[in-house]
1. Tell me which residues, restricted to the range B:175-206, are of a type in the set (Gly, Ala, Ser) and open to solvent by less than 50 Å² (accessible area, probe 1.4 Å).
2. Across the range B:86-119, what is the total count of residues that are without any contact (Cβ under 8 Å) to a residue 24 or more places away in the chain, open to solvent by 60 Å² or more (accessible area, probe 1.4 Å) and among the polar types (S, T, N, Q)?
3. Among what's in the range A:193-213 and is charged (D, E, K, R) and touching a residue at least 24 places away in the same chain (Cβ under 8 Å), pick the residue that is nearest to residue A:155 (Cα to Cα).
4. In the range B:120-130, what residues are open to solvent by 60 Å² or more (accessible area, probe 1.4 Å) and either touching a residue at least 60 places away in the same chain (Cβ under 8 Å) or among the aliphatic types (A, V, I, L, M) (or both)?
5. For the range A:141-151, give me each residue that is modelled with pLDDT of 95 or more and outside any helix (DSSP H, G or I).
6. Can we say residue B:136 is out of contact with any Ser or Thr (no Cβ under 7 Å at 6 or more places or on another chain) and more than 14 Å from chain A (Cβ to nearest Cβ)?
7. For the range A:184-216, what are the residues that are hydrophobic (A, V, I, L, M, F, W, C) and farther than 22 Å from residue A:70 by Cβ?
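The values are calculated or read from the model by the stated rules, or taken from the named source; none is laboratory data. Bear in mind the structure is a predicted one, so any value in this text is a computation, not a measurement. Here the Cβ is made from the backbone with ideal geometry for all residues, glycine too, and neighbour counts use every protein chain on show. Heavy atoms of the whole protein, side chains included, go into the accessibility calculation; ligands, DNA and RNA do not. Shrake-Rupley method; radii C 1.70, N 1.55, O 1.52, S 1.80 Å.
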Amino acid sequence: MSKNILLAAILLVMSAVFATAQSAGMLKKKVPRGEYGNVIINNFSEKKNIAPVVFNHWLHRAKYTCRLCHIDIGFAMQAGGTKMTEADNNKGLYCGACHNGKEAFAAEEKKLAGLVVRPECDRCHSYGKKVDFHIDFSQFTEDFPKSRFGNGVDWISAEKQGFVKVKDYLEGFSIKGKSLSYAGETELKAQAEGMPDIIFSHKKHAVWNGCELCHPDVFGVKKGATKYSMQEIFEGKYCGVCHGKVAFPSLDCKLCHSKEVM
Amino acid sequence: MTADFILRSALLGLLVSTQALAQWQLPPLPEPELYGNILINRTSTKNGVLPATFSHWSHRSKYTCRVCHLELEFNMALNSTPITENKNKKGQYCGACHNDKIAFGHNSKHCGKCHNGNIRYGIENADKLADFPETPFGNRIDWVKAMNTGLIKPANYLNEQYEAVTFKKNLILESEWSMTPDAIFPHDVHESWLDCSNCHPEIFNIKKKTTKHFAMSYILDNKFCGVCHGKVAFPIDDCKRCHPKKK
């Protein structure tokens, strides 16, 4: 190996250490409430010279359960993981399952002053554009019960109190039948001494997720078999698959660590 | 391995160590009454008004850090919060209190109280703090003691009714250098001013025994403890407060 390569390798390692150090120990920029849970989808858009899609979870979750899109329609949980194409959507898959002009607006062609236009494209392919979304986050969520982080909305209470009605069935995608009711609450022991234990409510989660969004992939079903740390949750694993991305972020300790310390 | 390579490595090592030495120079401290004072000028000058002066000490005697830096959504870095005149008038940011009810309003009568471009503005008010418990650095006020003895009773919430998780654990942070005694970290003192989320997980992840990633040089660079200590909370000149066994 030439000495230059060795030197380059040393410099590379040093710069990597420096780069990690630069972002560590500092606060990230706060995500505005109306942008929490937004996902930029750009598998093919820019390659086809179209603006990437900015998908807002807040509006979709106000109308549908998580399960409906992530299980029945088959969207991956990772941003950009689904790789749906325009053809898929036109066939009525993925976004096209609802955005077909019946369930929700479609990207149809219209004739305007003799020109063929597709006026709705921008409502999804909006990245970097000034677009009239028809619905404003602040107005839409104004009366909803509040929470401290994320969208600033207490979605659980919003659903319970009827501010939002979330649809859990879509013809052609969902299977009819009664869902399994498992209303148990599980207590999870906190690892750090003095930290209140966690009370996990299956009931609250099942409203949005059914069983299958978490089990068995994210969490096994044998009690105590899946071991995870808060650190891993912050890294986007386990509870962090949703909490910190779309569901309330794990900054509000007490929402989970809710058992009184004896 | 050639002599040339050894020479290059040595030079590189020297460069890194001189940089490290340079970092060890503690930044000069302002007068105690000006410690934590800032001039906010994100858009002021552009909009033809003078930058807004802000004194942390006058605010922290009435409100905990968390009221502004969590509830009112002020960022920790200067000029990074999207404060606008309009938002203030709608009751956001400064306007949450500066509304003529809690504190003087954001209106034409009072412009000059903030938009004066003078970081020394109101310095004479610091006389009120003359009898406060002392420390050698920063504002030269032991704010923790002032709170614990009831000299100040900063409100912990403005509109929110919330009772945060309490976690009282005192941490002992093992020192990297054998010459330096371990540092202590009391959760409860920090909790009386801050929300868990002000520090976790972005500034400090919660992994145990990871002092390596927040060596003093980073703190001097305003990272980790240095996000607050050195700007508003007591500066790190005050070695003993964290390394109590230091002689």
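1. First pass over the range B:175-206, keeping only residues of a type in the set (Gly, Ala, Ser): B:175, B:178, B:183, B:192, B:197.
Matches in the range B:175-206: B:175, B:183, B:192, B:197.
2. Total meeting the criteria: 3.
3. A:204
4. Answer for the range B:120-130, where residues must be open to solvent by 60 Å² or more (accessible area, probe 1.4 Å) and either touching a residue at least 60 places away in the same chain (Cβ under 8 Å) or among the aliphatic types (A, V, I, L, M) (or both): B:120, B:121, B:125, B:130.
5. A:142, A:143, A:144, A:145, A:150, A:151
6. Numbers: out of contact with any Ser or Thr (no Cβ under 7 Å at 6 or more places or on another chain): yes; more than 14 Å from chain A (Cβ to nearest Cβ): yes.
So residue B:136 fits the description; yes.
7. If the condition is that a residue be hydrophobic (A, V, I, L, M, F, W, C) and farther than 22 Å from residue A:70 by Cβ, then A:188, A:190, A:192, A:195, A:198, A:199 are the ones that fit.
Each row is one residue, and each column tells you yes or no for (1) farther than 23 Å from residue A:74 by Cα; (2) within 14 Å of chain B (Cβ to nearest Cβ); (3) over 24 Å from the mean Cα position of the chain (by Cα).
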site: A:152; (1), (2), (3): yes, yes, no
site: A:167; (1), (2), (3): no, no, no
site: A:172; (1), (2), (3): no, no, no
site: A:189; (1), (2), (3): yes, no, yes
